[in-house]
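For reference, the structure is listed below as C-alpha cells.
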C-alpha cells in the first residue's frame with residue numbers, strides 16, 4: 001500500500017537534498033563524508049528537478065524511475081558504512097538517510113494525480 005502522495009514526496013525531496021548538502025559542513029565531518037553526502041544531495045536534487053511530479057521542473061523522469069533511484073541510493077548509502085569505516089555519527093547518518101530513502105520509495109504513490117493540486121501555480125505562459 002502506498003501511503004505517501006507524490007506531492008508529499010516531492011516536498012521531502014526538496015527538503016532532504018539541501019540537508020544532505022549542508023549537514024557534513026555544519027557538523028565538521030571529513031572530506032570523505034562531505035563527498036558522499038554532496039554527491040547524494042546533488043544527485044537527489046538533479047533527478048527531483050527532472051521528475052514528473054507536482055514540484056518537478058522539467059518533468060522528464062517518470063515517478064517509478066524516481067522511486068527506483070531513491071531505493072538504489074538508499075541501499076547504497078545504508079551499505080556504505082561497511083566499506084568506508086567512517087566515524088559512528090557519519091555511519092549512523094548514512095544508514096538513517098539510506099533507510100529513509102528506501103522507506104520513502106516503498107511507500108510513495110507511483111503516479112501523481114491527474115490534476116496537479118498546485119498546477120495553476122507552476123503554469124508557464126504559452
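No value in this document is a laboratory result; all are computed from the given coordinates. Only a predicted model underlies this, so the values are computations on that prediction, with no experimental measurement involved. FYI the Cβ positions are ideal-geometry reconstructions off the backbone, even for glycines, and counts take in every protein chain you see.
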query = If you project the alpha carbons of the chain onto the principal axes, what extent comes out on each, in Å, largest first?
reply = 50, 33, 18
message = Quick check on the exposure proxy: order 67, 15 from fewest to most C-beta atoms within 10 angstrom.
response = 15, 67
message = Please compute the Kirkwood hydrodynamic radius over segment 34-73, one decimal place, Å, based on all pairs of different Cα atoms.
response = 10.2
query = How far, in nm, would the chain grow between residue 65 and residue 22 when pulled straight, counting 0.36 nm per residue and subtracting the alpha carbon separation?
reply = 12.9 nm
request  = Give me 101, 111, 86, 54 ranked fewest to most by other Cβ atoms within 10 Å of their Cβ, as a rough exposure proxy.
outcome  = 111, 86, 54, 101
ask   = To the nearest 10 degrees, how steep is helix 88-107 against the longest Cα principal axis of the chain, on a 0 to 90 scale?
value = 20
query = Relative contact order for segment 10-94 using alpha-carbon pairs under 8 Å, separation at least 6, rounded to a whole percent?
reply = 22
inquiry  = Using only DSSP helix segments of four residues or longer, with each worth -39500 (n - 2.57), what per-residue ellipticity at 222 nm results for the chain after dividing by its residue count and rounding to 500?
reply    = -23000 deg cm²/dmol
ask   = What order do you get for 59, 64 when you list them from fewest to most C-beta neighbours inside 10 Å?
value = 64, 59
ask   = To two decimal places, what compactness ratio does segment 36-110 give when its Cα radius of gyration is scaled by 2.2 N^0.38 Å?
value = 1.15
